[in-house]
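None of the figures in this text is laboratory data; all of them are computed from the coordinates on show. Note that the coordinates shown come from a computational prediction; the quantities given were computed from them, not determined experimentally. Note that each Cβ is placed from the backbone with ideal geometry, even for glycine, and that neighbours are counted across all protein chains shown.
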Amino acid sequence: MNRVMRKIGVLSVLFIVCLGVKAQKEIYNWHFGTSCGITWNSTRDLLATGLFGTGDVILKGLPTNLVGSKISASEGCFSLSDTDGNLLFYSDGRTVWNKENVQMPQGSGLLGDASSAQAGIVLPYPGSITKYIVATVGQQGAGNAAYSVVDMTTNPLGEVMAAYKNIRFQGAMGTTSETITSIRHSNRRDYWVIAPGVGSPAYLNAWLMTDVGAAAQPVISEVPGAVTSLSAGGYLKITPDGKTFVWGSNTSGKLVFGDFNNTTGECTNIRMISMGNPYGVEFSVSMNYLYIGTVTGLAVFDFKALLAAADPTKVLPKTYVIGGSSVRAVQLGPDGRMYIPARSSKSLTVIDNPEEGDNLRIYQLPADFLTGTAQFGLPSFAASWFRVAIDGNKTPCIDGEADYSTVINYSIADSRYDNLRYFEWNWGDGSPVEKDYNVSVGANQYRTHVYRSGGVQTLTVTPYVENSPGVFTPLINSSSIVINPRSCFLPVNPHLHSNFKK
């Protein structure tokens, strides 16, 4: 034959690796360390230094600096923005500042602490779109887990409500301090606030937050082992699907993890392994990888293998020694990258591809990247502000079928999704836009597409809601990934001949 084009057989399977993360814009502004402020509302491209054999590269879409931050936090801090990415407020656990870097009315004297690992966390007040709950914890055995309510309507730039300030969480087992987190209840209305109680044994206390405040008693789960150091600061986080938790207890040298039930608040299948000074905790969006910030740098676990192992001590992480000798946070950004601070530095370490835990690209940002100075911590966010965007093949074969999916997790869905009607799939290649009406919150939505030509395409998925009969409105939280179709054909040299005979 004159020319044979042989197509490589490709089995189109749904990649479980998340190829994009879209965070609610509520996490677009970070305040941390000593006068550090960064924002993703405007971005920049900078030359970053490759680490661990990775070459130098220009990273695009890095956050720019915010000036005037009043924060001075060696560790814990948190912040929140509105759905358009406009800063609402930020805090070190003791003081709440508004978007103009001015202390809110009644905004001082909260019971968190800037030397508490997490200091506090922000969650929406159930049933309200203008109020927020600030849950706080003090440092080193303070035993003072509490919450306050911020109202954005009673003052032009918000205020801490005097009647709902420093309300103690009741009934905790163990001594609460340093560590706290939150996740949405499975009913998509209420929230859980979870704080470990140090002791022998240790406990995990989960309070249900409803529109009338915190439950009088927490759901208490006993940790099968002791965590006795009152300065056992470290991060506690829940996976975005609300099903799993990890707690890094730094000075105790323990990593505690297990299942979380976001309907009952119970922690089960709790296990504990020893490791050197676990502090920062973060998950890749697909939840395939667990990132732990330690004194020496970074440990990366195959999270599914860790959870499934009969003996989790046999599951060894990949480790990366990063300069300095202090514990450090690890925080997922709205751009899908992970960021790691170094004490007394104006730089950050960034992981460009956290979904590829076996082949990470780690970079050091320029020495003057920050206008302030980083310390141990980065802002702590509830998993409720994150969601998986689009899963699928970013480099499909031209003329070959490729599978994609998207999902709106229960953990982030709020009342805006109650009237969800369809997803709009725009493949970015000029083909007709597709509408998928078989949708529901918490369910994966699958589509198959054939790209007919090469070149960079942008696949965008937009959810539409019906807030008025017959009127369909797109939500601003569309998700996109870049697709680069490639040729998977092998050309055969027509001058090659075969002497084989049947």
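Counting only GluC sites (Glu not before Pro) that sit in a DSSP loop (anything but H, G, I, E, B) with at most 16 other Cβ atoms within 10 Å, what is the longest stretch of the chain containing none of them? Don't jump to the answer; show the numbers that get you there.
Numbers: sites that count: GLU100, GLU266, GLU356.
Looking at the chain, 101-265 is the longest stretch - no exposed GluC sites (Glu not before Pro) with at most 16 other Cβ atoms within 10 Å.
If the cut-off is a Cα-Cα distance under 12 Å, which aspartates and glutamates reach LYS60, setting aside same-chain residues fewer than 8 apart in sequence?
Result set, ordered by chain and number: ASP45, ASP335, ASP352.
Using the number of other C-beta atoms within 10 angstrom as an exposure proxy, rank ILE340, ILE194 with the fewest first. Before the final figure, lay out the partial values.
Working: ILE340 24, ILE194 27.
In order of increasing Cβ crowding within 10 Å: ILE340, ILE194.
Charges only on Cβ, +1 for Lys and Arg, -1 for Asp and Glu: so what's the dipole of the chain about the Cα centre, in debye to the nearest 20?
So the dipole magnitude of the chain works out to roughly 1040 debye.
Note down the nm distance, to one decimal, between modelled labels 7 Å out along Cα→Cβ at VAL212 and at VAL315.
4.0 nm
Using a Förster radius of 45 Å, what is the FRET efficiency between GLU100 and ASN187 based on their Cβ-Cβ separation? Nearest 0.05, please. Write down the numbers at each step before the final one.
Working: r = 36 Å, r/R0 = 0.80.
Taking R0 as 45 Å, the efficiency between GLU100 and ASN187 is 0.80.
Once the Cα gyration tensor of the chain is diagonalised, what are the square roots of 5 times its eigenvalues, in whole Å and ordered largest first, as equivalent ellipsoid semi-axes?
40, 26, 23
Sorted from fewest to most neighbouring beta carbons within 10 Å, what does the list THR153, THR34 look like?
THR153, THR34
So which chymotrypsin sites (Phe, Trp or Tyr not before Pro) in segment 166-223 end up in coil per DSSP with only 15 or fewer other C-beta atoms within 10 Å?
Sites meeting the loop and neighbour criteria: none at all.
Report the Cα-based extents of segment 235-391 along its three principal axes, largest first, to the nearest Å.
Taking max minus min along each principal axis of the Cα atoms, segment 235-391 gives 45, 34, 28 Å.
Return the distance in nm (one decimal) between the two label points of a simple spin-label model at GLU356 and THR153, each offset 7 Å from Cα along Cα→Cβ.
It works out to 4.8 nm between the two label points.
When the helix-only estimate is applied to the chain (DSSP H runs of n ≥ 4, each -39,500 (n - 2.57), divided by the residue count), what is the mean residue ellipticity at 222 nm, nearest 500 deg cm²/dmol?
Numbers: 1 runs with 6 residues, N = 502.
Mean residue ellipticity, 222 nm, calculated: -500 deg cm²/dmol.
Identify the chymotrypsin sites (Phe, Trp or Tyr not before Pro) of segment 60-104 meeting these criteria: DSSP loop state and at most 16 other C-beta atoms within 10 Å of the C-beta.
none
I need LEU47, LEU208, LEU62, LEU255 ordered by Cβ neighbour count within 10 Å, fewest first.
On the way: LEU47 11, LEU208 19, LEU62 22, LEU255 26.
Listed from fewest to most nearby Cβ atoms, that is LEU47, LEU208, LEU62, LEU255.
Tell me which residues come under 5 Å, amide H to amide H, from LEU88 once H is placed; ignore anything under 5 positions away on its chain.
Here the answer is LEU80, SER81, ASP82, since their amide H atoms fall under 5 Å of that of LEU88.
For ILE167 paired with ARG452, estimate the spin-label separation in nm (one decimal), with each label point 7 Å from Cα along the Cα-to-Cβ line.
6.0 nm
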